[in-house]
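A.B. asks: One structure coming up, written as structure tokens, with questions to follow.
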Amino acid sequence: MTADARSTQVLIAGGGIAALELLLALRVLAGAHVAITLLTAEAKLAPRAMTVAEPFERGAAQTYDWSQITDHQHARLVIDKLVAVDTAAQIIFTHSGRRLHYDVLVLATGARRVAPFSGALTFGMRDDAAAGLRARVADVVARDGASIAFALPSPSSWPLPLYELALLTTHELRERGSQAGVRIVTPERRPLDLFGPAASDAVIPMLDALGIELTLRAQPREVLARGLRLEGGELVAADHVVTLAEIVARPIAGLPVDRAGFVPVDLHGRVDGEPAVYAAGEVTSFPLRQGGLATQQADAVAEAIAAACAGGDDPAPFRPVLRGRLMTSGAPLYVQARPSGQSLASTRALWSPPEKIAGRYLAPYLSTARPARISAEPLAERVPAVAGAPGEEHDAVTLAVALAAAEARCGNPSRALQAREAAHALDPEASGPPGERLSAGLA
């Protein structure tokens with residue numbers, strides 16, 4: 001495929017899941033109407049989805065060579081780091097001193113990960129987390145009466161990895177003859193609350209069968225020598241605490257950001273006040289950050305760019321569908337939900353191909369051992385949503401507002417206001433003023 005001189009120059013800045021989905025989607029939707037440059041600081045794509053399996057030797061994260069991917073997709077690859085953007089001149093600046101022009105810029109630069117509280121083993125940050133968990137399991141096995149707690153940092157944290165770690169760790173302990181206490185401490189009102197009642201009803205028997213205890217509606221605050229302190233001062237006794245990394249912004253000079261440093265976008269991924277700039281994934285202000293959702297944001301951006309460059313149908317906005325493949329000691333549990341009401345859970349795959357990162361183009365592409373071509377058939381739902389379900393056009397706003405309310409209820413006012421402002425950026429008319437209804441939740 002060869003772009004001609006009239007092709008729109010699209011610069012994708014980023015080297016993660018959202019960047020790959022966007023590259024694949026643009027090739028399908030816009031073809032030779034776009035000439036694509038991919039700018040990434042990393043030579044390899046390394047999805048995080050399987051890292052929780054490593055301590056139990058149940059799989060490992062795969063890596064993919066960006067040079068091969070971009071060659072297959074007829075895109076130019078630049079290995080460098082984005083440091084600043086001049087939106088007036090439509091030029092980006094890199095760490096090595098390059099200046100790259102764009103007609104359309106898409107930010108998919110991701111975010112940073114930090115430990116939510118010191119003293120816990122944090123997954124999602126360091127390569128030694130698997131070894132750290134193995135060491136803690138060995139310690140718990142060796143000591144009578146020892147216990148381990150798995151703590152979800154906040155209502156906006158993607159919960160599946162924590163439940164996977166708890167289930168797999170407890171199975172390992174039971175296999176080694178230990179009846180050590182294991183507890184999940186979470187701000188959720190019920191297990192896997194984001195996925196609705198079907199997911200909760202499916203996972204509770206799994207937890208009960210292994211003897212995993214639940215502490216719900218509990219906001220973790222601090223790891224102490226005797227356990228985990230919660231909002232309100234209550235102490236959950238535990239010899240070890242395991243948690244997930246907190247996602248924080250990595251701002252880019254020259255671009256608008258919200259109070260937390262993330263880039264506000266609308267339902268098509270357009271950056272506020274910058275008609276030639278889009279964003280998708282963790283760099284955006286959307287408060288729930290996860291690989292599958294990042295691909296859906298990328299799809300919305302690709303449709304908007306393709307509509308502008310190649311014409312055709314009106315672009316579809318970002319309408320989040322929450323999908324998760326929960327690893328267990330046996331068959332995986334597939335869960336799926338929409339904010340407008342759908343809640344599904346099954347040991348049979350709810351989408352095809354049944355990849356852990358359920359991207360429309362990415363999942364079929366990475367489902368082969370040596371990905372080279374985009375599948376003619378994108379990701380397919382086994383149980384599609386009912387067309388025209390009430391409120392589905394506001395699903396993204398609904399989810400952001402719900403997370404704002406949950407953060408406020410848990411005593412996280414800054415997170416709550418950030419989520420509310422993200423909802424307002426997505427659709428000001430649907431969400432209302434950023435502070436509306438929030439003061440009551442903070443009272």
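A.B. asks: Given Glu231, Glu274, which one is open to solvent by 20 Å² or more (accessible area, probe 1.4 Å), over 28 Å from Pro339 (Cα atoms) and more than 19 Å from the chain's Cα centre (by Cα)?
C.D. replies: Glu274 is the lone residue from the list that is open to solvent by 20 Å² or more (accessible area, probe 1.4 Å), over 28 Å from Pro339 (Cα atoms) and more than 19 Å from the chain's Cα centre (by Cα).
A.B. asks: Consider Arg176 carefully, then state whether it is among the basic types (Lys, Arg) and crowded, with 17+ Cβ neighbours inside 10 Å.
C.D. replies: When the stated conditions are applied, Arg176 does not pass them.
A.B. asks: Would a scan of the range 78-86 turn up a residue that is part of a loop (DSSP other than H, G, I, E, B), open to solvent by 40 Å² or more (accessible area, probe 1.4 Å) and at negative phi?
C.D. replies: yes
A.B. asks: Ala405 is checked against (1) of a type outside the set (S, T, N, Q); (2) assigned to a helix (DSSP H, G or I); (3) open to solvent by 40 Å² or more (accessible area, probe 1.4 Å); (4) at pLDDT below 95 and fails just one. What number does that condition carry?
C.D. replies: Evaluating Ala405 over (1) of a type outside the set (S, T, N, Q); (2) assigned to a helix (DSSP H, G or I); (3) open to solvent by 40 Å² or more (accessible area, probe 1.4 Å); (4) at pLDDT below 95 leaves (4) as the failure.
A.B. asks: Please name all residue pairs, on different chains or six or more residues apart, with Cβ atoms under 6 Å, provided the first residue is in the range 336-354 and is touching a residue at least 40 places away in the same chain (Cβ under 8 Å) and the second residue is polar (S, T, N, Q).
C.D. replies: Once the first residue is touching a residue at least 40 places away in the same chain (Cβ under 8 Å) and sits in the range 336-354, its partners that are polar (S, T, N, Q) give Ala337/Ser343; Pro339/Thr398; Leu344/Gln336.
A.B. asks: Can you confirm whether Ala389 is over 19 Å from Arg289 (Cα atoms), part of a helix (DSSP H, G or I) and modelled with pLDDT under 90?
C.D. replies: no
A.B. asks: Going by the structure shown, is Arg226 at pLDDT below 95, open to solvent by 10 Å² or more (accessible area, probe 1.4 Å) and touching a Leu at 6+ places or on another chain (Cβ under 8 Å)?
C.D. replies: yes
A.B. asks: In the range 73-117, how many are without any contact (Cβ under 8 Å) to a residue 12 or more places away in the chain, basic (Lys, Arg) and in contact with an Asp or Glu (Cβ under 8 Å, 6 or more places away or on another chain)?
C.D. replies: Of the residues in the range 73-117, 0 are without any contact (Cβ under 8 Å) to a residue 12 or more places away in the chain, basic (Lys, Arg) and in contact with an Asp or Glu (Cβ under 8 Å, 6 or more places away or on another chain).
A.B. asks: Something else now. List pairs: first in the range 153-175 and touching a residue at least 24 places away in the same chain (Cβ under 8 Å) and under 15 Å from Ser200 (Cβ atoms), second hydroxyl-bearing (Ser, Thr, Tyr) and outside any loop (DSSP other than H, G, I, E, B), Cβ under 9 Å, 6+ apart or cross-chain?
C.D. replies: Leu162/Thr243
The values are calculated or read from the model by the stated rules, or taken from the named source; none is laboratory data. Just so you know, these numbers come straight off a predicted model, no measurement behind them. Ideal geometry is used to build each Cβ from the backbone, glycine not excepted, and the neighbour counts take in all protein chains shown. The area values use the complete protein model at the heavy-atom level, side chains included, leaving out ligands, DNA and RNA. Shrake-Rupley method; radii C 1.70, N 1.55, O 1.52, S 1.80 Å.
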